[in-house]
Amino acid sequence: MTTFERIKKLAKKQGKSLNIVEEELGYGKNVLYRLKNTNPSAERLGEIANYFDVSVDYLLGRTETQTTPKAPEWATQEDVLDLMDMLDSNVNMAYGGEELTEEEKQRVKDVLTGIFWEKLQKKKGL
């Protein structure tokens, strides 16, 4: 499923047309339709993911899990994208030569997410 198809599916699930979604996001006409043939910027992906409350990875088809890690109030969109990049770098998780199940991978990602926010908060002096 393409990014465009996922966005269309999410809009339909909310009972909205893509034109309404574009309006609510403050985009011009047919911006979402152009995603059939172009790749959106990281910023735009983040905006769309936030709008639908899904992860950027879900929009890109990297995962079937729709949820995005919950970010602290002080986190920026760039911080969230950095977290997603960090989690993506650990995609091939295994232990003892056996690949982890999806549930086990999610548990590891949850722990990494917590550590990421703690370290970033200290780094920012918050």
> What is the magnitude of the charge dipole of segment 1-68 about its Cα centre, with +1 placed on the Cβ of each Lys and Arg, -1 on the Cβ of each Asp and Glu, and no other charges, expressed in debye to the nearest 20?
Replying inline: 320
> Hey, with R₀ at 35 Å, roughly what FRET efficiency would Thr101 and Leu25 work out to, going by the Cβ-Cβ distance, to 0.05?
Replying inline: 0.45
> What is the magnitude of the charge dipole of the chain about its Cα centre, with +1 placed on the Cβ of each Lys and Arg, -1 on the Cβ of each Asp and Glu, and no other charges, expressed in debye to the nearest 20?
Replying inline: 440
> With a sphere of radius 14 Å drawn around the Cβ of Thr113, what net charge do the other residues whose Cβ falls strictly inside it have (Lys, Arg +1; Asp, Glu -1)?
Replying inline: -2
> Length gain on complete extension for the stretch Lys124 to Lys12, per 0.36 nm per residue less the alpha carbon to alpha carbon distance?
Replying inline: 36.4 nm
>> What percent of all Cα-Cα pairs in the chain falls into each 10 Å bin, going from 0 up to the bin containing the maximum distance?
In response: 11, 40, 30, 17, 2, 0
> Does anything in segment 1-32 have its amide N under 13 Å from the 7 Å Cα→Cβ label point of Asp53, and if so which residues?
Replying inline: 14
>> Can you show me the helix-derived [θ] at 222 nm for the chain, built from DSSP H runs with n ≥ 4 at -39,500 (n - 2.57) apiece and divided by the number of residues, rounded to the nearest 500.
In response: -17000 deg cm²/dmol
>> Sorting check: for 2-12, 33-43, which peptide has the highest mean count of neighbouring beta carbons within 10 Å, and how do the rest follow?
In response: 2-12, 33-43
> Dipole size in debye (nearest 20) for segment 69-126 around its Cα centre, Lys and Arg Cβ +1, Asp and Glu Cβ -1?
Replying inline: 380
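Every number here is computed from the coordinates shown, using simple stated rules; none is lab data. Computed from a predicted structure; not experimentally measured. Backbone-built Cβ (ideal geometry, glycine too); neighbour counts: all protein chains shown.
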